[in-house]
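**Q** Dropping a structure here in structure tokens format, bear with me for questions.
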Amino acid sequence: MTKLSEDVKKVLSANKLFPLATSSRDGTPNVVPVGMLMLQPDGETIWIVDNFMGKTLSNLRENPAASFYVWSADSPDSYQIKGEVTLEDSGEDYERAVSIAHARKETLPAKTLIKMRVSEVFYTTPGPKAGKRA
């Protein structure tokens, strides 16, 4: 696993919407906007709450790899974060994720907790760092 650096955490916290990319077993890509993405205290686990996912959840069942990127106008760098996911629809962590979702908006369905363990972080900043590990 990979812990996120303080710079990556800062850019992550500046975002409210995240483009989450997945692909099916046969490689068909999918990308969706995600609003409920939360870095956990260990610095290497990210929770994503599934409220309205269809193809994304199907893809993650077939292929547990996911990726998203973050950027901020206040930061000189932007990042791509990759990882492996597990899906939960019961248990203590799931119930905590549901509580967080309902605190934001009571009517959110909070159907599944997607736990992403960060495996790689890359710069997406244009220039000489582009594509290199962060």
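The values are calculated or read from the model by the stated rules, or taken from the named source; none is laboratory data. Bear in mind that the values here come from a model prediction, so they are computed numbers and not experimental data. No Cβ is skipped: glycine too gets one built from the backbone with ideal geometry, and neighbour counts run over all protein chains shown.
**Q** How many of the residues in the range 52-71 are surrounded by fewer than 16 Cβ atoms within 10 Å (Cβ to Cβ) and either without any contact (Cβ under 8 Å) to a residue 12 or more places away in the chain or closer than 11 Å to Val34 by Cα (or both)?
**A** Number satisfying all stated conditions: 2.
**Q** Still on this structure, please answer the following. Do any residues in the range 2-24 that are at pLDDT 95 or above have Cβ atoms under 7 Å from those of residues that are surrounded by fewer than 15 Cβ atoms within 10 Å (Cβ to Cβ) and β-branched (Val, Ile, Thr), where the two are at least six apart or on different chains, and which pairs are they?
**A** Pro19/Val31; Leu20/Val31; Ala21/Val31
**Q** Do you know which of the residues in the range 1-30 that are of a type in the set (Gly, Ala, Ser) and outside any strand (DSSP E or B) is surrounded by the most Cβ atoms within 10 Å (Cβ to Cβ)? Write out each step before concluding.
**A** If we filter the range 1-30 for residues that are of a type in the set (Gly, Ala, Ser), which is where we start, we get 5, 13-14, 21, 23-24, 27.
Remaining after also requiring outside any strand (DSSP E or B): 5, 13-14, 24, 27.
Values: Ser5: 13, Ser13: 11, Ala14: 13, Ser24: 15, Gly27: 7.
The extreme case among them is Ser24.
**Q** Let me ask something else. Go through the range 88-118 and count every residue that is exposed (fewer than 15 other Cβ atoms within 10 Å of the Cβ) and either touching a Pro at 6+ places or on another chain (Cβ under 9 Å) or of a type in the set (S, T, N, Q) (or both).
**A** 3
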